[in-house]
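These notes are about the structure you will find just below.
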Amino acid sequence: MDLSIFKAYDIRGLYPDQLDEEAAWKIGHAAAQFLRSLLRGYERGSANTQSVVVGRDMRRHSRSVSEALIQGMTASGANVIDIGMIDTPQIYFAINHLDTCGGVQTTASHNPAQYNGFKISGLQARPISGETGLQEIKHIAASLQHTKAAGQGQVITKDLTEPYRRHVLSFLSSNIRKLKIAIDASNGMAGKWVPAIFGQAGIDIIPLNFEHNGTFQHDPNPLVEANLTELKRAVIDHQADMGVCFDGDADRLIIVDENGRTIGCDIITALLAGYFLQKNPKSTVVYDLRSSWVVKEEVLAKGGQPRRERVGHAFMKKALKDSKGVFGGELSGHFYYRDNFFADSGLITLVHMINVLSAVTKPISELVKPLQRYSASGEKNFEVEDKKAMMEDLARKYHDAEIDYLDGVTVQYKDWWFNCRPSNTEPLLRLNVEAKTSDVLARQMSELQGLLGNPVAH
């Protein structure tokens, strides 16, 4: 088994070269062992606690990979609840709804069609990442021999469509207005679940790429601007109130305004922070450290408690839970909710955006305009051989600034700041720069590129 498929936050690799059915069997066996080992005391007493819930996305090999995963789990003695073809957030819902010891979603998220992988969660949908168990699962899986012996565990299938629909729509306001929304499902799981959940919700949906048979019109990664071209055109052609592009497993989304312009996810975080703080005064809002200054400013202005956190869903979820926060947002399009088990959800984010737009008569561009008061570079990637040495060089060069090392190195001046952090999976440094004016941004970007080289495509 190719152990490089074990990443910082999940398991992902090329099918079948890196990840095949044999690897899936071993991972299933190991994951079920590990998840059940975490149970303590009274947690063992629930009817389903010894069970693992399993779902899969629409990739052509996801069914066979998921079946092999399940066979590995039952071979370990675990019972499995198979909930079929779902979006990843439904795994988080299912773990809590069914009270299982954890769950595994077979998905490669935003990666191209030839990839597959697994997202693993524990009790109450706690993320299992490199620092919280993924390394242990890797070690167990690497030591196993794949066998065809029948397992002792049982498999049952369950359709959670109706309870999941009720859960997502429980966040929808009772007085929404008739909005027209263009939605690009990226040929992913939003193509199945948007109609299933919003079909009777009173929204005029313009569907794009809703077919979900494992082929992609464009890579299911909404962070790449080129993948938003069709959506932007549809928004303008249909005079939609906004556009939404989901990633492959529908746990992330990107918003486009009525003029076909992409809205940064940190700007959406700032917008939703005000919305949640109105309903939950003085609550904590968590944001990742790549986010604009505007997020902290808006949270403070609305009487909330801002909490800055490391990049990555495992850190964001833990921070939200530890702080008893109400909401969190990441620059990557993940948005997290206290009332959704502290987990992220693309569909629930869509619900809240509908609520925000329904409460006003202004177009979304006007709602976010006051929040777009700084100039940002967006995330740039640089090929750097010695990432650690480069970050040390940056800290030395900008030693007169306010510097912290929460994730990589963050350098802050009065009129600009940057964060430079290493990729967990590639020989890349990722850079985000923001400034109070476009001139300052251009000058500082030029200076930083003189040190880091030219950005590379991600």
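The values are calculated or read from the model by the stated rules, or taken from the named source; none is laboratory data. Please read all numbers here as calculations on a predicted model, not as lab measurements. Neighbour counts are summed over all protein chains in view; Cβ atoms, including those assigned to glycine, are modelled from backbone coordinates with ideal geometry.
Here are some notes:
- Among the residues of region 10-24, those that are within 22 Å of the chain's Cα centre (by Cα), over 15 Å from R60 (Cα atoms) and not basic (K, R) comprise D10, I11.
- Exactly one residue out of G325, G304 is more than 20 Å from the chain's Cα centre (by Cα), more than 26 Å from D257 (Cα to Cα) and either buried (at least 23 other Cβ atoms within 10 Å of the Cβ) or among the aromatic types (F, W, Y) (or both): that is G304.
- Filter pass, S129 being assigned by TED's automatic domain parsing to the domain that holds P222, out of contact with any strand residue (DSSP E or B) (no Cβ under 6 Å at 6 or more places or on another chain), among the polar types (S, T, N, Q) and under 18 Å from F341 (Cα atoms): no
- Among residues of region 242-287, those that are small (G, A, S), within 22 Å of G378 (Cα to Cα) and surrounded by fewer than 23 Cβ atoms within 10 Å (Cβ to Cβ), counted: 2
- Residue that is nearest to Y15 (Cα to Cα) [pool: residues in region 113-135 that are surrounded by fewer than 17 Cβ atoms within 10 Å (Cβ to Cβ) and modelled with pLDDT of 95 or more]: Q114
- In region 83-102, the residues that are modelled with pLDDT of 95 or more and charged (D, E, K, R) form Cβ pairs under 6 Å with partners that are crowded, with 24+ Cβ neighbours inside 10 Å and in a helix (DSSP H, G or I), at six or more places apart or across chains, as follows: D87/W193.
- Within region 195-223, the residues that satisfy the criterion of being aliphatic (A, V, I, L, M) and farther than 13 Å from G248 by Cα are A196, I197, A201, I203, I205, I206, L208.
- Residue tally, condition in contact with a helix residue (DSSP H, G or I) (Cβ under 9 Å, 6 or more places away or on another chain) and more than 22 Å from N355 (Cα to Cα), over region 276-293: 4
- Within region 151-171, if we keep just the residues that are without any contact (Cβ under 8 Å) to a residue 24 or more places away in the chain and either in a helix (DSSP H, G or I) or not polar (S, T, N, Q) (or both), the residue that is nearest to M73 (Cα to Cα) turns out to be E162.
- V224 within 24 Å of G329 (Cβ to Cβ) and surrounded by 22 or more Cβ atoms within 10 Å (Cβ to Cβ): no
- The number of residues in region 354-387 that are touching a Lys or Arg at 6+ places or on another chain (Cβ under 9 Å), among the acidic types (D, E) and free of Cβ contacts under 8 Å to residues at least 60 places away in the same chain comes to 0.
The rows are residues; the columns are (1) in contact with a helix residue (DSSP H, G or I) (Cβ under 6 Å, 6 or more places away or on another chain); (2) of a type in the set (G, A, S); (3) not assigned by TED's automatic domain parsing to the domain that holds F315.
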| residue | (1), (2), (3) |
| --- | --- |
| S345 | yes, yes, no |
| I348 | yes, no, no |
| V351 | no, no, no |
| N355 | no, no, no |
| A359 | no, yes, no |
| K387 | no, no, yes |
| E434 | no, no, yes |
| M445 | no, no, yes |
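- Residues located in region 178-202, provided they are in contact with a helix residue (DSSP H, G or I) (Cβ under 8 Å, 6 or more places away or on another chain), surrounded by fewer than 20 Cβ atoms within 10 Å (Cβ to Cβ) and at pLDDT 95 or above: L179, A196
- Remark: pairs (first residue in region 228-247, closer than 18 Å to S358 by Cβ and not assigned by TED's automatic domain parsing to the domain that holds M353; second residue surrounded by 22 or more Cβ atoms within 10 Å (Cβ to Cβ) and of a type in the set (S, T, Y); Cβ separation under 9 Å; 6+ apart in sequence or on different chains) = V244/T349.
- Cβ pairs under 9 Å, 6+ apart, first in region 263-274 and closer than 9 Å to S292 by Cβ, second surrounded by 23 or more Cβ atoms within 10 Å (Cβ to Cβ) and of a type in the set (D, E, K, R): D266/D288; D266/R290; D266/E330; T269/D288; T269/E298; T269/E330; A270/E298
- Looking across region 394-407, just one residue is in contact (Cβ under 8 Å) with a residue 40 or more places away in the chain and exposed (fewer than 14 other Cβ atoms within 10 Å of the Cβ), and that is K397.
- In region 182-207, the residues that are without any contact (Cβ under 8 Å) to a residue 60 or more places away in the chain reach residues that are hydroxyl-bearing (S, T, Y) with C-beta atoms within less than 7 angstrom, at least six apart or across chains, in these pairs: A196/T161.
- Hey, F327 outside the structural domain of A182 (by TED's automatic domain parsing) and at positive phi or not: no
- Out of L35, L39, one residue alone is at pLDDT below 95, in contact with a Cys (Cβ under 7 Å, 6 or more places away or on another chain), assigned by TED's automatic domain parsing to the domain that holds S121 and aliphatic (A, V, I, L, M). It is L39.
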